[in-house]
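The values are calculated or read from the model by the stated rules, or taken from the named source; none is laboratory data. The structure presented is a predicted model; accordingly, all values stated were derived computationally and were not measured. All Cβ positions, glycine included, derive from the backbone under ideal geometry; neighbour counts span all protein chains shown.
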Amino acid sequence: MGDYSQINYEVADRVATITLNRPEKMNAFTDTMRLEMHDAFDRSDADDEVRAVIVTGQGNRVFCAGADLTPSDGRAVFSSGEAVSDLSDPIVRDGGGKMTLRIFQSVKPVIGAINGAAVGVGVTMQLPMDIRLASTTARFGLVFARRGIVPEAASSWFLPRIVGLPQALEWCMTGRVFDAEEALRGGLVRSLHAPEDLMPAARALAAEIAENTSAVSVAMTRAMLWRVPWADHPMAAHKIDSRAIYRLSKGVDAAEGVASFLEKRPAAFPGKVSSDMPDFYPWWSEPDYA
């Protein structure tokens with residue numbers, strides 16, 4: 001389970017599962033949970049045996065009921081509570097944003113298995129996950145405007161890219177809670193499943209990645225698709241594509257991919273993200289908070 005107090009971390013069949021584990025508090029988000037999730041993603045990134053990560057909530061009713069505004073551990077969720085005049089001070093940074101940025105930086109693909117109600121940061125923490133599946137009983141709420149605040153966790157960047165600007169504006173400006181069917185229609189989730197079928201579906205999707213693909217190829221693809229589409233010109237994509245194809249085509253996984261195809265057998269890719277990523281990775285410069 002891992003040495004955690006508010007999440008569980010398990011690895012089986014080359015898939016890591018991170019479970020938000022505060023059922024008595026409806027899996028509400030705290031700074032302790034954020035730090036534990038950050039550590040869990042560090043573990044999954046460093047473990048070459050892990051090929052995909054699933055994030056879900058404990059129980060069948062709630063994925064995450066949002067931020068715990070009075071966490072029992074005494075740690076504030078969004079900031080230290082101190083008053084500062086310099087808005088670039090790290091104290092100002094919200095905990096949800098720190099969490100989503102860590103998920104965004106994951107080397108492994110991330111699948112959200114949204115098992116129940118998700119409100120506030122319970123929704124926004126899902127956005128940097130690559131694929132989201134939901135229970136038919138799930139409900140979603142970007143309720144910030146109804147609490148006198150604004151969407152957090154870098155969701156003003158993520159949400160319009162996933163569901164489109166008009167849908168993002170409607171959900172955020174009304175702040176209303178909507179059901180799983182509307183989340184599916186709006187593009188927030190990929191598919192709906194009966195509660196008992198949700199985790200098997202998520203595991204099947206993770207297994208499809210783990211059993212059939214190159215870890216290095218998937219890591220590069222994830223980075224490219226999250227970062228390249230918003231460049232100013234397609235030449236940026238051409239540069240990255242060309243460099244990646246050139247380097248990877250000369251690697252051990254490409255040799256195995258071709259050999260397995262010609263020999264009509266399943267591939268056994270030997271490449272590891274810990275040692276075999278192309279020499280120009282990472283090619284981007286993450287901006288500092290200021």
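Flag set for Asp48, criterion: charged (D, E, K, R), at pLDDT 95 or above and under 21 Å from Glu211 (Cα atoms).
Which residues, counting only those in the stretch 239-290, are acidic (Asp, Glu) and loosely packed, with under 13 Cβ neighbours inside 10 Å? Once the filter is applied, which keeps residues that are acidic (Asp, Glu) and loosely packed, with under 13 Cβ neighbours inside 10 Å, the stretch 239-290 yields Glu263, Asp279, Glu286, Asp288.
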